[in-house]
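This report refers to the structure that appears directly beneath it.
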Amino acid sequence: MKNKPKVDLKNFFCTQPFLYSEFHRKGFKRTQYVCCPDWNDINLYDSDNLLDNWNSDKAKEIRKGHLSGNFVGCKPEVCPALNTLVNTGKPVLSIRPIEDYNPEEYDHSSPKRIKVCSDDACNLKCPTCRTELKPNTEFRTARTRGLLDSIEKYYAPTLEEVFTSGGGDPFYSTPMREFLEKIDKVKFPKIKNIMLHTNGILFTPKIWERMKNIHPYVKYVEISVDAATKDTYENKVRLNGKWDVLMDNLKFISTLDQIERIQFDYVVQKVNYNEMVPFIDIIYEIFGTKRDPKIGRYTNVDINFQKVWPWPSIRQEDYDDMCVWKGEHPEHSTFSEVIQQVESYAKKMRNRGRNIYHNLHDQL
């Protein structure tokens, strides 16, 4: 990046370690983090007592560091918020000026937000994520139910937001659907928002109607797509997916007035980087003018482009071929031109409730 600013990290902090916890697995072991583990990989999970994990010495060390300019465990090369901050000087997403820190707001005995990514049951087989389909087996279902029971036991009194799923799909996972269907103000007295992270294929009118109880709380939806054409979607990045079904479902989702924010995730790699700009066009064609007449505001529509991450399912030689942002990649110069177009588009869309984020600022 030209004229990269000097940024004093002591002037900023990230809200995530004070409010948020995310659950994953490594093999058969549970893991727990204060952020996406690709962005901060310090594992807090020491026991099934989730309160003890949240208030552990490791968790306290992370929070202490975030208030002193040391973003403990964070990776600015992949975290879009920190990547933007260190390369532009601008705080975005969860990054805030340090003067905004209020102990009463950000220091709690248990998290206000959680995301459950440990259930990998999914109807798709995406090459960047897995090598085989992950169905609802008896073992997988029981394992997820155990974690969800612990979350309800230890965190239900303070939880304001529940995010799903990241590791699989909440509409496909049997225990996740069951968990969502029993969320109410009795068990979760402070619940305000339920975020559905989905591939969108099962987000149909019929299935949505079956989840009536959560309709008042679903204000944020995150949808992973990674393509702008049927061929790329069905044959390269979303195996077992149906492009036409997805497009129909997105049009249905655009009619749901309770949704205040929609984020579309796009994992950037060799097979799809040339579709980044067309993807923006498709999304804004469907969602760009959506307005809720009851409260007179436009729904925020965010697009989040992310570098493909070297997940265990990807062989090293395949990963190297995917990474078009690396200077030695034969398509790097073409990729750089695309990123310039994306950034130009992002500047044009700012302040319109249309936000385009990415962790590729080092390419500008």
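Odds and ends about this structure:
- Counting residues in segment 85-103 that are among the hydrophobic types (A, V, I, L, M, F, W, C), surrounded by 18 or more Cβ atoms within 10 Å (Cβ to Cβ) and in a loop (DSSP other than H, G, I, E, B) gives one or more.
Every residue, every condition in (1) touching a residue at least 60 places away in the same chain (Cβ under 8 Å); (2) farther than 30 Å from Met322 by Cα; (3) assigned to a loop (DSSP other than H, G, I, E, B), yes or no:
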{"position": "Thr131", "(1), (2), (3)": "yes, no, yes"}
{"position": "Arg145", "(1), (2), (3)": "no, yes, no"}
{"position": "Pro175", "(1), (2), (3)": "no, yes, no"}
{"position": "Asp184", "(1), (2), (3)": "no, yes, yes"}
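- Out of Lys187, Lys219, sole residue that is among the basic types (Lys, Arg), over 18 Å from the mean Cα position of the chain (by Cα) and in the same structural domain as Leu124 (by TED's automatic domain parsing): Lys187
- Qualifying residue in segment 210-219 (condition: at pLDDT below 95 and within 25 Å of Val78 (Cα to Cα)): no
- Extreme residue, modelled with the lowest pLDDT, among residues of segment 287-299 that are surrounded by fewer than 17 Cβ atoms within 10 Å (Cβ to Cβ) and under 23 Å from His358 (Cα atoms): Thr289
- Residue pairs whose Cβ atoms lie under 9 Å apart, sitting 6 or more positions apart in sequence or on different chains, and linking a residue in segment 38-59 that is within 15 Å of Ser110 (Cβ to Cβ) to a partner that is among the basic types (Lys, Arg) and in a helix (DSSP H, G or I), are Leu44/Lys58; Leu50/Lys153.
- The residue list Leu196, Leu159 contains one member that is within 21 Å of the chain's Cα centre (by Cα), farther than 30 Å from Lys307 by Cβ and crowded, with 22+ Cβ neighbours inside 10 Å, which is Leu159.
- Hey, Phe203 surrounded by 20 or more Cβ atoms within 10 Å (Cβ to Cβ), part of a loop (DSSP other than H, G, I, E, B) and over 20 Å from the mean Cα position of the chain (by Cα) or not: no
- In segment 14-33, of all residues being hydrophobic (A, V, I, L, M, F, W, C) and out of contact with any strand residue (DSSP E or B) (no Cβ under 6 Å at 6 or more places or on another chain), the one that is surrounded by the most Cβ atoms within 10 Å (Cβ to Cβ) corresponds to Phe18.
The values are calculated or read from the model by the stated rules, or taken from the named source; none is laboratory data. Note that the structure is predicted; figures quoted are calculated from it, not measured. Don't worry about glycine lacking a Cβ; one is built from the backbone with ideal geometry, like all the others, and counts go over all protein chains shown.
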